[in-house]
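Student: My questions all concern the structure below.
Nothing in this text is a laboratory measurement; each read-out follows from the coordinates by a stated rule. Small disclaimer: the values here were computed from a predicted structure and weren't measured. Counting neighbours? That spans all protein chains shown, and the Cβs are built from the backbone with ideal geometry, glycine included.
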Amino acid sequence: MVRSMTGYGRGEANNEQLSVTVELKSVNHRFFEASVRSPRQFAFLEDKLKSYVQSRVARGKIDIMVSCDFGALASDKIEVNEVYAEEYISALKSLAEKFDIVDDISVSSVARNQDVFCITKQSLDEEAVWLLVSSAAEIAVDNFIKEREAEGQRLADDVISRTQTILGYVEKVEERSPQTVKEYRERIEKKMRDLLGDTTVDEQRLITETAIFADRVAVNEETVRLRSHIAHFSEMCEAGGVIGKKLDFTVQEMNRETNTIGSKCQDIELSHIVVEIKSEIEKIREQIQNIE
């Protein structure tokens, strides 16, 4: 399917210790670019996350956000260094007796000495964390891709509809172009008769002039190529996949053929048709900038 480059996806996963949420959102970009925002404890998995997302997404500027409820791991483990505390309190009492100081030892006063406590940082099992985060990421990317595909299909429907509009204009060009040659011959013949009066018009000269004009304004080759580009464009949209850049190249070719038709036409009606074709091509170009 055709995918848009804008999208959003969210996934969650949890176990007894952790609850993880992964969110993805993206905007247009020529290539793949990803940035990760996660808790400091999860810094080790940022490259893994980027690699996983890139394995499933080809283009776009993607923000990957990881949030976590640490649950049982939220608090560090605090223990009393009993041996040290005993020695410390004993030293305080000895100090009070020796210098005849009021013994006002309290829990709060002892707690001011940071060495009384041992603080143990809760460790994370990196493999277990990655297993959980990758599960949430898989769900998030699945939802992200679904949204991209839905938007991509709307884009594809729109641009294909516009190519059909262009084909309608191409038919008008093909119908009108021979008529301009006929009208040119009639104008030349009238001018020759006005100049020559009753003198016989040189039919061969008239044919030659008409043939030169017909060759100069002929757009058959351009309309055939334009039709071919449009057919190829539609085939790529139907096939889907990563086609954004290919569509852009094809639209450039469509525009080139249209410009050539415009440079050849010497008829106001054809000029107006060319303007309409170029307008539709520009609208297509804007839309496909958002296709992966």
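Student: Return yes or no: is Ala111 closer than 30 Å to Gln41 by Cβ and touching a Ser or Thr at 6+ places or on another chain (Cβ under 7 Å)?
Tutor: On the way: closer than 30 Å to Gln41 by Cβ: yes; touching a Ser or Thr at 6+ places or on another chain (Cβ under 7 Å): no.
Here the answer is no, as Ala111 does not meet what is asked.
Student: Same structure, new question: Taking segment 219-261 as the region of interest, how many residues are under 27 Å from the mean Cα position of the chain (by Cα) and among the charged types (D, E, K, R)?
Tutor: 7
Student: Go through segment 1-70 and tell me which strands (runs of 3 or more DSSP E), entirely inside it, have 2 or more residues that are crowded, with 18+ Cβ neighbours inside 10 Å and of a type in the set (Val, Ile, Thr). Spell out how you get there, then give the answer.
Tutor: Values: elements: 7-14, 19-27, 32-37, 60-69.
By residue number, 19-27, 60-69.
Student: Provide a single number: the residues in segment 264-292 that are outside any loop (DSSP other than H, G, I, E, B) and touching a helix residue (DSSP H, G or I) at 6+ places or on another chain (Cβ under 9 Å).
Tutor: Within segment 264-292, the subset outside any loop (DSSP other than H, G, I, E, B) is 264, 268-288, 291.
Narrowing the set further to residues that are touching a helix residue (DSSP H, G or I) at 6+ places or on another chain (Cβ under 9 Å) leaves 264, 269-271, 273-278, 280-285, 287-288, 291.
Residues in segment 264-292 being outside any loop (DSSP other than H, G, I, E, B) and touching a helix residue (DSSP H, G or I) at 6+ places or on another chain (Cβ under 9 Å): 19 in total.
Student: Also, I was wondering about something else. Within segment 37-52, track down each residue that is touching a residue at least 24 places away in the same chain (Cβ under 8 Å) and more than 17 Å from Gly7 (Cβ to Cβ). Steps first, please.
Tutor: The first filter runs over segment 37-52 and keeps only residues touching a residue at least 24 places away in the same chain (Cβ under 8 Å), leaving 37-39, 41-42, 44-45, 48-49, 52.
Those that are touching a residue at least 24 places away in the same chain (Cβ under 8 Å) and more than 17 Å from Gly7 (Cβ to Cβ): Arg37, Ser38, Pro39, Gln41, Phe42, Phe44, Leu45, Lys48.
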